[in-house]
Amino acid sequence: RKEVEQDPGPFNVPEGATVAFNCTYSNSASQSFFWYRQDCRKEPKLLMSVYSSGNEDGRFTAQLNRASQYISLLIRDSKLSDSATYLCVVKGDSNYQLIWGAGTKLIIKP
Amino acid sequence: DAEITQSPRHKITETGRQVTLACHQTWNHNNMFWYRQDLGHGLRLIHYSYGVQDTNKGEVSDGYSVSRSNTEDLPLTLESAASSQTSVYFCASRDSSGSNEQFFGPGTRLTVL
């Protein structure tokens, strides 16, 4: 079993719709969680951290469920520019170690 | 503006050749990382460094080496390139103050024939 698992997609979503995807992690001792965004053939960039109580940044909402060991990302009122691959990242129990999911591809259609 | 650059951006080489990928950051970050990205896999850590003269192996370090002679640079060397090392390579850096955010270079696409 992979340490961080994501549905690879693609998720094909009409513009303006709401879309959500999850990510599961295997290490219950994981301490920090993040969503990164990666555009085609570009480098990953931090989208948002995920806090225990859940957090929101504009149209994006991230949630953590420690009991079931998953995090989620919700995008409301999706825009064409949201088309990208979303990478789930979990910080392990060492100072450096980030464990990366393979990503979920999102395609927003006009 | 601070940035992290990688060179070359694209490289084609032959099996058995030594290849060095450059990574240069002007963030003045102590922590630097090399990852490879392959289809169906998340980013996998090759090597990392916490500061000058410090280097550590990641989960896929076999066949790779790094050196850290200054804060700005962490070159990645493939000792004897193999076709299995065809991949996209990303360099990243992070502030050691406690922030978890990693800043990435634009990547190097390496093909080993």
Hey, in the GNM for chain B with a 10 angstrom Cα cutoff, which one of B:T71, B:T15, B:T86 fluctuates hardest? B:T15
Treating only Lys and Arg (+1) and Asp and Glu (-1) as charged, each at its beta carbon, one finds that chain A has a dipole about its Cα centre, in Debye to the nearest 20, of 160
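So between B:D73 and B:D1, what do we pick up on full extension, going 0.36 nm a residue minus the alpha carbon distance?
Length difference between fully extended and current span is 24.2 nm.
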What whole number of Å gives the distance from the Cα centroid of region B:14-59 to the Cα centroid of region A:49-110? 24
Please give the solvent-accessible surface of B:C23 in Å², to the nearest 10, using a probe radius of 1.4 Å with every protein chain present. 0
Row for chain A, column shape: gyration tensor on C-alpha, a ≥ b ≥ c, rounded if a/c < 1.5 i.e. under 1.5, prolate if a/b over b/c, else oblate; value prolate
For B:Q53 and B:S99, what is the calculated FRET efficiency with R₀ set at 30 Å and r taken between the beta-carbons, to the nearest 0.05? 0.85
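Total accessible area buried between chains A and B, 1.4 Å probe, in Å² to the nearest 100?
1600
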Within 10 Å of each candidate Cβ there may be at most 15 other Cβ atoms; applying that plus a DSSP loop requirement, which GluC sites (Glu not before Pro) in region B:43-95 survive? B:E59, B:E79
Could you check how much of the accessible area of region B:61-100 is carbon and sulfur, as a whole percent, using a 1.4 Å probe? 42
Please compute the volume of the convex hull spanned by the alpha-carbon atoms of the protein assembly as shown and report it per residue in Å³. 130
Rounded to the nearest 10 Å², what accessible area does B:D54 show when all protein chains are kept and the probe is 1.4 Å? 50
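The values are calculated or read from the model by the stated rules, or taken from the named source; none is laboratory data. If you're wondering where the values come from, they're calculated on a predicted model, not measured in any experiment. Don't worry about glycine lacking a Cβ; one is built from the backbone with ideal geometry, like all the others, and counts go over all protein chains shown. Ligands, DNA and RNA are excluded from the accessible area calculation, which covers all protein heavy atoms including side chains. Shrake-Rupley method; radii C 1.70, N 1.55, O 1.52, S 1.80 Å.
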